[in-house]
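The values are calculated or read from the model by the stated rules, or taken from the named source; none is laboratory data. All of these numbers come straight from a predicted model, not from anything done at the bench. All Cβ positions, glycine included, derive from the backbone under ideal geometry; neighbour counts span all protein chains shown.
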Amino acid sequence: MAGYTPMILQYLSVKEQAKDAFLFFRLGDFYEMFFEDAIHASRELEITLTGREGGGDRKIPMCGVPYHSAENYISRLVDKGYKVAICEQVEDPTAAKGVVRREIVRIITPGTVMETKALDGKTNNFIAAVVRVGGMLGLAACDLSTGELYVTSFPEQMESLIDEINVYQPSELIGDGSLLDKVQAAAVWSRHLALTPREPMEEDKLAAQYGEEELSRLSGARYRAVSVLTGYLDETQKRSLGHVRTIHSYEPNQYMILDHYTRRNLELTETVRDRNKKGSLLWLLDRTQTSMGARLLRRWIDKPLLSKASVEARLDAVETLYLDLILRDDIRAELQPIYDLERLVGRVAFGNASGRDLNALRSSLRRIPRLTALCGQSGSKTLQAVVEGTDDCADLADLIETVIVDEPPVSIREGGLIRSGYDDYLDQLREASTNGKKWLAELERQEREATGIKSLKIGYNKVFGYYLEVSKANLGMLPEGRYERKQTLANAERFVTPELKEKERLILEAEDKMIDLEYEKFIELRDHLALHLHRLQKAAGVIAELDAYQSLATVSAERRFARPRISEGYDLHIEEGKHPVVEAMMDGAPFIANGTSLLKDEQWMLLITGPNMAGKSTYMRQVALICVMAQIGCFVPAKSAVVPLIDRIFTRIGAADDLIGGQSTFMVEMKDIQTMTEKATSNSLVIIDELGRGTSTGEGMAIAQAVIEYVHHHIGCKALVSTHFHELAHLEESLPSLANARMAVEESGDNVTFLRRLVPGAASTSYGIYCAQLAGLPQSIIGRAYELLDGSESARIAPEPKKLPDGVAEARAIVQLSMFDEPAAATESGSGRRKASPKAEQLADELRKLDLFNLTPMQAMQWLNDMKIKLNQ
Ligand SMILES: Nc1ncnc2c1ncn2[C@@H]1O[C@H](COP(=O)(O)OP(=O)(O)OP(=O)(O)O)[C@@H](O)[C@H]1O
């Protein structure tokens, strides 16, 4: 370190405190980075790398960004998963002796972003802590921008932890190092997850944040998780977090459990293919008017309820709004102009709310009385309970209105914020400033008259203050010695007078004081609001809940969903059910409804066979979605539905997501099945699509049968299983609670029409080759596939004759012929089997020589035709 300048030495000592972050080191109007940080940041941000003399042997690498546009650069780094430590000058440079004191004022990390631009309004940005205490795992998750804090714990099991982390989709994870390693190894995260090992914070500091009472409800893993998380927030944010005071502690089994794959497979919040919200259940159900409502709705979808009473309460509210269009529209209209109160409150607490933010807060609070009144008169017990005793924070809204002007500027440091009439001294200063300006105008008028110079004017600049300006052309008219010369320009001279200087002093003093005083008054107001964060958060919570209800009701009414009957029994009965999202995406094409009956005393397992593309997956997902929708308190896409409380849904559908973990499809499938066998209870719902498809036919079928038997004999839960192995249909005979069902198709001539109707009984074929043909595979492949199919099928079971397009039928005729003849050729060498006719022999020979892969479909057809003619000759 020898030889570095004091400033670089200061940099190095600050950098020691933020080794894992980019250090933005404030130097005048720039944030500078040095050494490795500079090299790395210049690459990440595509900014120029320069060098600076710093006292060492060589120049020190350096790059920088202007402080006024730093937010953009910071969010780019944070988006990429980095941390950024902001180091400011913390003393007045003019008063400093030697190097100005600098300190880190905040470390911005992916999970602690507060800047509005970097956040998606409708989605939470969580940071989570994971810890282990004894045999228990704890998870705490906080959205710093809204102040929400959740904590839970469960017996140690990585799958449970991953499932729970998944609910929050955090952008940053902290906690016990060994756990973080395991979480990382699970690698099921859709976005970059910043990981930082951390220890709990000091107990008295923790108690200062939440109060003894709030903490007394936590113990073991939950206490540790909250402590680790809060310690990290404290360390990075370096300020009191007044909006993070309430800890929501919950049991995981209060909610339906949905593992990572199931969430994805059911496309609850994003689609499997492109991770878009559009096409997900959330997309369909989200008709919220506020960001708070949107976030809450998402949480509801992520955590369906398990208590009949709570589900019914939500359904009551939805029903009232469903039936009363006027009430619903009135509530929507009141909600529409409401800003993101939760995040505004977060900004007040954090100390970065502007005058505009406070006005947004005020105008949002003003909506509460009418919303409360609407809900009070709604006749819905739930809605009444939500708004009962709601504090509309009118005193706070009034205060903001008294203090802040209607259209405040963006900055809070340049005045123009505070309403006149609010503070006497401020009014006096304003008066002084206005009077001073009037005096200037009067002076200008008088001097023009006295000198006869019409273009004489009074101007202002930061260096010279107020001056009188006379153009060069008019200088001759100015009596010698009238003013004091101050500045010479190319075509004008600027002057001052002692009187002007005196007035200038008064005006500028008043303006400086005014700006300081306005800032002071603004902070006073913000600090006052910060004492009432809890009240504001409660109000925000009420609005979010009302918004979520109206959203569910709006969709339910528009799509004519029906209120489900929630049962505490076993049976699931859906009449004319639909897949809500597939239907919505079909652009008016008719969606065919299908019923579902999974009944304890009859059958509760369906083995669904049927062609590809017939609608099996859609049907199975639709049953799961109807259960999820019912348990979040939404109406369901069905004519009627009795839905029991499902404790867990397992799905094993599709293969698109398997590649992430780098595991084979089959291995992933088997692991999922293993989890299912371990965790499913009789109240679960199991959905398996194309069971056993990832391995050889014989083994796949054997596993499929064994799994089906296991679910039937040992778990006893409702299950929908689709398979291509129509040979498994016989299971219906040995398993009393299993029934065969198939997706009906209609064959007419060459065509197969999917009817999308689920009917009893098993399908005899999968029409897989037919689908391949529809997809446009070359005729040569299709023909060969049928050839192989016939060979293998006849070896196993006799297939029903299929009606096939002409070309295919002919190809098969020829192919069968040649296959039949093949051994015959061998007989000549002495095996003694039937001998083929010479014509067949000749045709077979030609067929063998045929280079299928170099024929166009037309040539193949032509060839077939020729052969046909020969055969008939
Ligand atoms: N009930 C229905 N009404 C109308 N269209 C439907 C219905 N069910 C499915 N479809 C349409 O059929 C398409 C195929 O459905 P789905 O993917 O469920 O078939 P599948 O039998 O699972 O096929 P595969 O075995 O190839 O996966 C869907 O994308 C949808 O557009």
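Screening Y619 with (1) over 23 Å from D259 (Cα atoms); (2) within 13 Å of the ligand (Cβ to nearest atom) gives one miss only, at (1). Among all residues of segment 205-218, there is at least one that is touching a Ser or Thr at 6+ places or on another chain (Cβ under 8 Å) and in contact (Cβ under 8 Å) with a residue 40 or more places away in the chain. Determine whether segment 397-406 contains at least one residue that is modelled with pLDDT of 95 or more, touching a helix residue (DSSP H, G or I) at 6+ places or on another chain (Cβ under 7 Å) and of a type in the set (G, A, S). Taking every residue of segment 397-406 in turn, at least one turns out to be modelled with pLDDT of 95 or more, touching a helix residue (DSSP H, G or I) at 6+ places or on another chain (Cβ under 7 Å) and of a type in the set (G, A, S).
The number of residues in segment 450-471 that are farther than 18 Å from L508 by Cβ, modelled with pLDDT of 90 or more and not in a loop (DSSP other than H, G, I, E, B) comes to 4.
Residues in segment 587-601 that are more than 11 Å from the ligand (Cβ to nearest atom) and touching a strand residue (DSSP E or B) at 6+ places or on another chain (Cβ under 6 Å): G595, T596, S597, L598.
On the given criteria, is Q779 surrounded by 17 or more Cβ atoms within 10 Å (Cβ to Cβ), under 49 Å from the mean Cα position of the chain (by Cα), closer than 19 Å to D866 by Cβ and at pLDDT 55 or above? So Q779 passes the test.
Once segment 567-586 is narrowed to residues that are away from the ligand (no atom under 12 Å from the Cβ) and closer than 23 Å to N265 by Cα, the residue that is surrounded by the fewest Cβ atoms within 10 Å (Cβ to Cβ) is H573. Among the residues making up segment 548-575, a single one is within 19 Å of S617 (Cβ to Cβ) and touching a Gly at 6+ places or on another chain (Cβ under 7 Å): I574. When segment 649-664 is limited to residues that are out of contact with any Phe, Trp or Tyr (no Cβ under 7 Å at 6 or more places or on another chain) and under 18 Å from K616 (Cβ atoms), the one that is modelled with the highest pLDDT turns out to be I649. Among the residues of segment 271-288, those that are out of contact with any Lys or Arg (no Cβ under 6 Å at 6 or more places or on another chain) and touching a residue at least 40 places away in the same chain (Cβ under 8 Å) comprise R273, R275, G279, S280, L281, L284, L285, D286, R287, T288. Please find, within segment 721-758, the residue that is surrounded by the most Cβ atoms within 10 Å (Cβ to Cβ) out of those that are among the hydroxyl-bearing types (S, T, Y) and out of contact with any Asp or Glu (no Cβ under 7 Å at 6 or more places or on another chain). Going through the qualifying residues, I end up with S737.
Against the list (1) modelled with pLDDT under 90; (2) within 30 Å of A21 (Cβ to Cβ), the condition R273 fails is (2).
Scan segment 16-31 for residues that are closer than 15 Å to G64 by Cβ and not in a strand (DSSP E or B) and the total you get is 2. Being surrounded by 18 or more Cβ atoms within 10 Å (Cβ to Cβ), within 12 Å of the ligand (Cβ to nearest atom) and small (G, A, S) is true of A763.
Every test in (1) modelled with pLDDT of 75 or more; (2) away from the ligand (no atom under 16 Å from the Cβ); (3) in the same structural domain as S597 (by TED's automatic domain parsing) is passed by L789 save one, and that test is (3). With respect to the conditions (1) surrounded by fewer than 16 Cβ atoms within 10 Å (Cβ to Cβ); (2) in contact with a Lys or Arg (Cβ under 7 Å, 6 or more places away or on another chain), L323 falls short on a single one, namely (2). Is it fair to say S551 is more than 11 Å from the ligand (Cβ to nearest atom), crowded, with 23+ Cβ neighbours inside 10 Å, farther than 22 Å from P644 by Cβ and modelled with pLDDT of 95 or more? Criteria met by S551. D357 fulfils the conditions (1) in a helix (DSSP H, G or I); (2) farther than 17 Å from I523 by Cβ except for a single criterion, (2).
You will find that of A638, A614, the residue that is modelled with pLDDT of 95 or more and either surrounded by fewer than 24 Cβ atoms within 10 Å (Cβ to Cβ) or within 16 Å of the ligand (Cβ to nearest atom) (or both) is A638 and no other.
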